[in-house]
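> Below: one structure in structure tokens.
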Amino acid sequence: MRTVTQAGPLRAAIKGWRNRGLTVGFVPTMGYLHEGHLSLIRRSRAEHDRTVVSIFVNPTQFGPREDLSTYPRDLDRDLALLTRQKTDLLYLPDAGDVYPEGHSTSVSVRGVTESLCGPSRPGHFDGVALVVLKLLNRIAPDTLYLGLKDYQQYRTLERMVRDLDVPVRVVGCPTVREKDGLAMSSRNIRLDAAQRRQAPALRLALLRGRDLVRSGVLSAARLSSEMSRAFRRSAPGGRVEYFEAVGAERLERVVRLSPEEPVCLAGAVRFGRTRLIDNEIVPARRR
Ligand code: AMP
């Protein structure tokens, strides 16, 4: 696997592939890779001649009191995993290469960012949209692979690509979970043993919400309070940031969900300083 840290050699490598008519899939990550990331890489490899992975802990998507400096990192381990997955190219930029002096443009995707994580992480999705747009401009892949675990991020980037005519296909890949249902996340390593035991409560609360939706409950307030209650019951050591039920396409807050549209049930909880998110999409047809 080749590793590049600068935009110039990155573009040159991709141009070489393009000249040979090869297709390119792209998987952006913040590193500390796990099976969730690897599932995206496998999908890209199955569908493309070449796969580019980026590792960049993007400062613009972290708030001033968030965990940028303590975000888990282990580059040697990541390199070994990427080599084993036969990744073709790792793009490992430094912050100065992505955000040179004088950088002053922002990218703001409205609508889909106003519910769920939007209010509790001001500026987060602007930071995500900015960095992914820059990476797409540098790499110009055929396909962008994203995890549905970060469902609001997926919808935000899908909207950005559509609104700005970015010539890339966006593919959302299913959430990979631990045996007990906890969604894999680089941040799970930060949980102590007691917190780790309680963390699957996030998923259980969302499944409780799913059962309610399936039984015909469409009041967003009722779903939110039932999911919070279910979480608190099985995770006394956790704190609820939100549980919400919104339409799965536009992620708009509504009083009553439409029976015609899939529902996105999403939650964010904290165990100590560790913030975990998860979601469950309930299709309209199975209700
Ligand atoms: P991150 O490194 O957390 O920024 O994630 C990089 C990409 O991997 C994003 O598209 C995530 O949605 C995706 N991802 C993270 N965790 C999982 C998971 N458990 N299952 C599937 N995809 C995931």
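The values are calculated or read from the model by the stated rules, or taken from the named source; none is laboratory data. These numbers come from a predicted model, not from an experiment. Reconstructed Cβ throughout: ideal geometry from the backbone, glycine too, with neighbour counts over all protein chains shown.
> I'm checking my understanding of the structure. Among residues of segment 6-39 that are out of contact with any helix residue (DSSP H, G or I) (no Cβ under 7 Å at 6 or more places or on another chain) and among the basic types (Lys, Arg), which one is nearest to the ligand (Cβ to nearest atom)?
Ranking the qualifying residues of segment 6-39, first place goes to Arg18.
> Yes or no: segment 215-230 includes at least one residue that is farther than 20 Å from Gln152 by Cβ, of a type in the set (A, V, I, L, M, F, W, C), in contact with an Asp or Glu (Cβ under 9 Å, 6 or more places away or on another chain) and surrounded by fewer than 20 Cβ atoms within 10 Å (Cβ to Cβ).
Scanning segment 215-230 turns up at least one residue that is farther than 20 Å from Gln152 by Cβ, of a type in the set (A, V, I, L, M, F, W, C), in contact with an Asp or Glu (Cβ under 9 Å, 6 or more places away or on another chain) and surrounded by fewer than 20 Cβ atoms within 10 Å (Cβ to Cβ).
> Could you pull out the residue among Arg190, Arg232, Arg210 that is closer than 25 Å to Arg73 by Cβ and either touching a residue at least 60 places away in the same chain (Cβ under 8 Å) or not aromatic (Phe, Trp, Tyr) (or both)?
Criteria check complete, one pass: Arg190.
> Name the one entry in Leu90, Leu82 that is surrounded by 15 or more Cβ atoms within 10 Å (Cβ to Cβ), over 19 Å from Ala140 (Cα atoms) and more than 16 Å from the chain's Cα centre (by Cα).
It is Leu82.
> Consider Leu251 against the criteria (1) of a type outside the set (Lys, Arg); (2) away from the ligand (no atom under 16 Å from the Cβ); (3) touching an Asp or Glu at 6+ places or on another chain (Cβ under 9 Å); (4) outside the structural domain of Ser39 (by TED's automatic domain parsing): it satisfies all of them except one. Which criterion is unmet?
Every condition holds for Leu251 apart from (2).
> If you take the residues of segment 140-155 that are farther than 29 Å from Pro200 by Cα and surrounded by fewer than 22 Cβ atoms within 10 Å (Cβ to Cβ), which of them is nearest to the ligand (Cβ to nearest atom)?
By that ranking, first place goes to Thr143.
> Can you pull out every residue in segment 48-79 that is aliphatic (A, V, I, L, M) and surrounded by 19 or more Cβ atoms within 10 Å (Cβ to Cβ)?
Passing the criteria: Val52, Val53, Ile55.
> Of Arg222, Arg210, which residue is more than 16 Å from the ligand (Cβ to nearest atom) and more than 18 Å from Lys149 (Cα to Cα)?
Selected residue: Arg222, the only one of Arg222, Arg210 that is more than 16 Å from the ligand (Cβ to nearest atom) and more than 18 Å from Lys149 (Cα to Cα).
> Something else about it: Within segment 21-49, track down each residue that is of a type in the set (D, E, K, R) and closer than 11 Å to Thr143 by Cβ.
Result: Arg43, Glu47.
> Hey, another quick one. Being assigned by TED's automatic domain parsing to the domain that holds Leu22, under 24 Å from Arg275 (Cβ atoms), in contact with a Gly (Cβ under 9 Å, 6 or more places away or on another chain) and among the charged types (D, E, K, R) is the requirement here; does Arg50 meet it?
Criteria not met by Arg50.
> Quick check: is even one residue across segment 160-170 within 19 Å of Asp278 (Cβ to Cβ) and not β-branched (Val, Ile, Thr)?
no
> Now a separate question. Specify which of the listed residues (Arg253, Arg187, Arg169, Arg232) is out of contact with any Ser or Thr (no Cβ under 8 Å at 6 or more places or on another chain) and either within 30 Å of Arg43 (Cα to Cα) or among the basic types (Lys, Arg) (or both).
One residue alone meets the criteria, Arg232.
> Right, something else. Tally the residues that are of a type outside the set (Gly, Ala, Ser) and either near the ligand (Cβ under 8 Å from one of its atoms) or within 27 Å of Lys179 (Cα to Cα) (or both), restricting the search to segment 40-68.
8
> Also: Pairs, please: C-beta under 7 Å, at least 6 apart or cross-chain, first residue within 9 Å of the ligand (Cβ to nearest atom) and in segment 156-185, second of a type in the set (Ser, Thr, Tyr)?
Gly172/Tyr154; Cys173/Ser39; Cys173/Tyr145; Val176/Ser39; Ala183/Thr175
> Could you run through segment 190-208 and say how many residues are under 17 Å from the mean Cα position of the chain (by Cα) and not basic (Lys, Arg)?
Residues meeting the conditions: 1.
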